[in-house]
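The values are calculated or read from the model by the stated rules, or taken from the named source; none is laboratory data. Just so we're clear, the structure is a prediction, and the values are computed from it rather than from any experiment. Methodologically, a virtual Cβ is constructed for each residue, glycine included, from the backbone with ideal geometry; neighbour enumeration extends over all protein chains shown. Remember, those area values only see protein heavy atoms, side chains included, never the ligands or the DNA or RNA. Shrake-Rupley method; radii C 1.70, N 1.55, O 1.52, S 1.80 Å.
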Amino acid sequence: MNYSRIQGTGGFLPAQIVTNADLERRVDTTAQWIFERTGIAERHVAEPGETTCDLAEQAARRAIEAAGLSPSTIDLIIVATTTPDHIFPSVASQLQDRLGHYGCAAFDIQAVCTGFIYALGIADQFIHAGNARCALVVGAETFTRIINWEDRSTCVLFGDGAGAMIVTAADKPGILSSDLRADGRYKDLLWVPAGVSQGYEQTRRNEAFVAMRGNEVFKVAVNTLGRSVLQALESNGLDIADIDWLVPHQANERILAATAKKIGFPVERVISTVKTHANTSAASIPLAFDVAVRDGRIQRGQRVLLVGFGGGFTWGTVLLRY
Ligand code: UT7
């Protein structure tokens, strides 16, 4: 059986930065409220005309370069996104065209903020089964496009960006386990009411924005993230001390701190980019991973646990030896 390993990572953030002070001028909020309740100080926002595929391409090229490969080696492209450029074709198909290497399977998956965990888990299965040897896995979002900039309870929370990994076949793991979950009973706590099959009329009625019952989402997020970490450890026969780094979905600094406290995980071993990236949905985990690889915290041979949580609700873990 083939195992899979992370051969290279990349990340990309749009140049435009929107600070909390900028948001003070747009909605009834204060920079202090945003920072104290979320840990967010600023977020990157795509310029008009800058698309999810543009961000995905830059992150993908950086991951390919870090892996020391040429795009022609890639035999599977998976993009996790909730904010594709078009209804179709997929961002993955567009990305394949940008990379100029044709023929391999390319598709998008949608699990909102857990999207990258799903995409990485699926890529691992492809490689295990012998159906791929070199996967490009991307989480990319222009999430700010589906935000109502007059709704202070959501517009302060999100940003845009992309993160990517090159995952290759290996004779030893690499990815040690993946666990993908969902509970559709929570579908209305965090959602966009408008949708394609309901017709575009509804979209025009101003419902094409993220709606969230933030406080309830917060509580479920902390419980679910904590439980997922403990389940991943138990099913791998590991202890908290065996994990070098925890890379959680980056929604709110208080969610990260409360999760770490709840399960007794040392907060200094939790990678956080909340302060400067805000919540970039499916991009948040690969972006945070890439930041920590490039600044030297995550090193080869270390055990890293990725844990995601998002709309659906969806959640999941990927445990890996980097
Ligand atoms: O990606 C995964 C999904 N997303 C998340 O995980 C986000 C989860 N939720 C959260 O991060 C937090 O619930 C928020 C940051 C969204 C809100 O923080 P909170 O401590 O849960 O506040 P709250 O919703 O209980 O609201 C407290 C007060 C309310 O006022 P009243 O009713 O107490 O008078 C809100 O209207 O804060 C008010 N408020 C604001 N005030 C100033 C809400 N948003 C703002 C704002 N500025 N931007």
**Message:** I want the local charge near Phe126. Using Cβ-Cβ distances under 12 Å, sum +1 for each Lys or Arg and -1 for each Asp or Glu among the other residues.
**Reply:** -1
**Complete:** Contour minus Cα-Cα span, Ser70 to Ala129, at 0.36 nm per residue, comes to 18.9 nm
**Asked** With the calculation restricted to Cα positions, what are the radius of gyration and Dmax of the chain in angstrom?
**Response** 18.4, 57
**Request:** Report Ser153's accessible area, 1.4 Å probe, all protein chains in place, as a number in Å² to the nearest 10.
**Result:** 70
**Message:** Suppose the Debye formula is applied to equal point scatterers at every Cα of segment 177-321; what is log10 I(q)/I(0) at q = 0.17 Å⁻¹?
**Reply:** -0.94
**Request:** Figure the gain on full extension for Glu24 and Ala41 (residue separation times 0.36 nm, minus the Cα-Cα span) and round it to one decimal in nm.
**Result:** 4.9 nm
**Simple spin-label estimate for Glu50 and Phe88 in nanometres, 7 Å along Cα-Cβ** = 3.0
**Complete:** Listed by chain and number, the residues whose amide H is under 5 Å from that of Gly8, excluding neighbours fewer than 5 places away on the same chain and using placed H, are Ile166
**Item:** Whole-Å distance, taken between Cα centres, linking segment 183-247 and segment 1-59
**Value:** 18
**Request:** May I ask you to list the lysines whose Cα is less than 26 Å away from that of Lys219, ignoring any residue fewer than eight positions away on the same chain?
**Result:** Lys187, Lys261, Lys262, Lys275
**Prompt:** How much net charge surrounds Gly115 when only other residues with a Cβ under 10 Å from its Cβ are counted (Lys, Arg +1; Asp, Glu -1)?
**Reply:** -2
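Any chance you could run the full-extension gain for Ala15 through Met212? It's 0.36 nm times the residue separation minus the Cα-Cα distance, nm to one decimal.
Details: separation 197, 0.36 × 197 = 70.92 nm, distance 2.73 nm.
Going from the current span to full extension adds 68.2 nm.
Counting each DSSP H run of 4 or more residues in the chain as -39500 (n - 2.57), what helix-only mean residue ellipticity at 222 nm follows after dividing by all residues, to the nearest 500 deg cm²/dmol? Don't jump to the answer; show the numbers that get you there.
Working: 10 runs with 104 residues, N = 322.
Taking each H run of at least 4 residues, the total per residue is -9500 deg cm²/dmol.
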**Asked** Points 7 angstrom from Cα along the Cβ direction at Arg152 and Phe107: gap in nanometres?
**Response** 4.4
**Request:** Using R₀ = 30 Å, calculate the FRET efficiency as 1/(1 + (r/R₀)^6) where r is the Cβ-Cβ separation of Asp171 and Asp242; round to 0.05.
**Result:** 0.85
